[in-house]
Every structure is written in structure tokens, then in C-alpha cells.
Amino acid sequence: MAGRVEGKVAFITGAARGQGRSHALRLAQEGADIIAVDVCRPVTDTSAIPASTPDDLAETADLVKGLNRRIVTAEVDVRDFDALKSAVDSGVEQLGRLDIVVANAGIGNGGDTLDKTKESDWDDMIGVNLSGVWKTVKAAVPHLLSGGRGGSIVLTSSVGGLKAYPNTGHYIAAKHGVIGLMRSFAVELGQHSIRVNSVCPTNVNTPMFMNEGTMKLFRPDLENPGPDDMAVVAQLMHVLPVGWVEPVDISNAVLFLASEEARYITGLPVTVDAGSMLK
Ligand SMILES: NC(=O)c1ccc[n+]([C@@H]2O[C@H](COP(=O)([O-])OP(=O)(O)OC[C@H]3O[C@@H](n4cnc5c(N)ncnc54)[C@H](O)[C@@H]3O)[C@@H](O)[C@H]2O)c1
């Protein structure tokens, strides 16, 4: 039986680990070849999250190849438009086409109220989580247009792109900006049958969320909190009885948006949030 994105090619940023890797595997399982990029090193100096590595990206490549799909990888910082363009140009040359774009790369840093946020944290955040998304799509659009078959673009926003939390205003601003970008690209590209949507996850079980800093944030009352301690509090954010979702839950939404099943869906922020938006 043909897969849901059989014969298509997907360009994914932040694909070394976490959700980006999961998106690559889920799309490959359903028949897509992959162009995977990631910076594979630290990009900001106030992040509690350990950076991904070249080995992580190589592991994503091995996993995709294990599914009998082709993959082209490159170490690229999404803030660098020329490097993004050359990665996607070379990927399309090798794999023959482009159909799907998943602008997923992102960072967390800082942790202050907006009035105390360092300018460098603001600049890194907007540079990666907002401008990097714009540059990713800008680098890919010429290939979608020249293919003449339309396409599907998915921009990773967040529940934080739809409502605010304290102490991360720069992230909230960037992720709200991603929703604006998504709507603008959707309006501009619709005439070419290119659909543009966002996924808006709640907490996801990746290094960005599942780390010591987050556990301490959720449980300042404990000296060495672990995932179970965090779950008790994280669950209060949701209607469903879970503290976080798994990367594949977001990948399934990305797959749906990328597939023909969503052929008339564009301009939509798709929440995968265990009901967080109801609270
Ligand atoms: N984990 C969560 O709780 C959560 C919730 C909502 C939204 N998100 C968003 O989901 C996306 C994926 O995050 P994740 O949870 O997989 O985190 P993660 O930290 O596991 O993965 C993010 C990946 O993006 C890469 N990256 C970061 N900056 C980059 C840059 N400048 N250029 C290229 N690659 C870069 C990292 O190297 C890493 O491999 C991010 O946009 C994040 O903001 C995450």
C-alpha cells in the first residue's frame, strides 16, 4: 500500500533530534525522502538545554535509511540564509523535487521577565525562532514553485504562539510571530496550491522540555526533582491527564497537514496540546 506522502521530498530543520527527528522518521515511514538540517552545536549562551551534535544528525540519517528512504543532511544555522539555500538547493538536486517544508528548529533561553530579558537573549530568540522560520521558507519556496505541483509548509509554533506564559516573553513573541508568518505565507502562496499551516504543541518530551532546568522550574520546592515530580504539576496545564505529549504526537499532525488528506486546509494553527488552550 502506498504511504500517505509516497514519493514526496520533505525539507526539515532542527532534524538532529527531538521533534525534527521524529518528523523525519514519520514522513519517511509514509514514503517521503528527507532533506534534514540542524546547527548541531550551541547557538545561545543562556540555555539550560544541552545542544545537539553532528552524531545526533548522523543518527537521524541512519534511522531514515533504515526505513529504506533517502536522506541528505547538512549542518546549517537557520539564521544563515545562504547556507540554508545551498542546503535545500543541493538536497533538491540530489533527491529530484521538493513537496513538504517543516520549519521546526527552535531554541529556549533566558528565563526572565521581559523587562529583565538580556538583549542578546532577545536577539538569539528572534533570530532563530522567528527569522529562521522565515528564512527556511524563503529558501524553499522557489523549489515548490518550480515543481508546479503545489506543496505543504508546516511552521512549528507552540501553545505559546497563541497565549502567554510569564518569564519567556521573547519566546512567546517569536511564536506569535510564527503564526503571523504562517498566515501571510498562506495568503501569498495559496494561488500556487501551496498550503501553509502551523503546529502548536504543548510540552513535548524532548531535551527542550525534559531537562533539569524545567524540572526545577516546575518543582522549586524539591532539591532534585525528576520527571514524575514534574508530571504532577505539568498536568495542571492540561484538560487531559498528561503533563506532556510525545514527539510522534506532533509528527502525526505534521504528517496529516503534509498529506493529501489536508488538501484544502491552509492558514490553520493546529494545537496538539492536551487541552491546554481550554485553560
Ligand atoms: N519541547 C517542547 O515542549 C516544545 C513545545 C512547543 C513548541 N516546541 C517547539 O518545537 C520545536 C522543536 O523543538 P524540540 O522540542 O524538538 O527541541 P530540541 O531542543 O530537542 O530540538 C531542537 C533542534 O533544533 C536545532 N536548532 C536550534 N537552533 C537551531 C538553528 N539556529 N539552526 C538549526 N537548527 C537549530 C537544535 O540543534 C535541535 O536539534 C522548536 O521550534 C520548539 O520551540 C517545543
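The values are calculated or read from the model by the stated rules, or taken from the named source; none is laboratory data. Every value quoted in this text rests on a predicted model; they were computed, and no experiment measured them. To get the accessible areas, we keep the full protein, side chains included, count just its heavy atoms, and leave off ligands, DNA and RNA. Shrake-Rupley method; radii C 1.70, N 1.55, O 1.52, S 1.80 Å.
Would you mind classifying the stretch 45-201 by shape? Square roots of the alpha carbon gyration tensor eigenvalues, ordered a ≥ b ≥ c; an a/c under 1.5 is rounded, otherwise it is prolate if a/b is larger than b/c and oblate if not. Taking the square roots of the gyration eigenvalues as a ≥ b ≥ c, the stretch 45-201 is oblate. Determine the shape class of the stretch 201-253: with a ≥ b ≥ c the square roots of the Cα gyration tensor eigenvalues, call it rounded for a/c under 1.5, and otherwise prolate if a/b is greater than b/c, oblate otherwise. Oblate shape, in that a/c is at least 1.5 and b/c is the bigger or equal ratio. Measure nothing but the geometry: give the 0 to 90° angle between the long axis through the Cα atoms of 132-147 and the longest principal axis through the Cα atoms of the chain, rounded to 10°. Taking Cα atoms only, the helix is inclined about 20 degrees.
Residue order by solvent-accessible surface for GLU93, GLU30, GLU212 is GLU93, GLU212, GLU30, largest first, with ligands and nucleic acids left out and a 1.4 Å probe. Among the listed pairs LYS163/LYS279; LYS85/LYS135; LYS8/LYS175; LYS138/LYS163, a Cα-Cα separation exceeding 19 Å is found for LYS8/LYS175; LYS138/LYS163. Within the chain, the proportion of Cα pairs with more than 34 Å between them is 14 percent. Ranking MET208, MET230, MET215 from most to least accessible surface, computed with a 1.4 Å probe over the protein chains only, gives MET208, MET215, MET230.
Temperature 4 °C, viscosity 1.567 mPa s: under these conditions the Stokes-Einstein estimate for the stretch 153-279, based on its Kirkwood radius over C-alpha pairs, is 83 µm² per second. The candidates THR13, THR266, arranged from most to least accessible area with a 1.4 Å probe in the full protein assembly, appear as THR266, THR13.
When the Cα atoms of the stretch 1-91 are aligned to their principal axes, the ranges along those axes come out at 47, 27, 18 Å in descending order.
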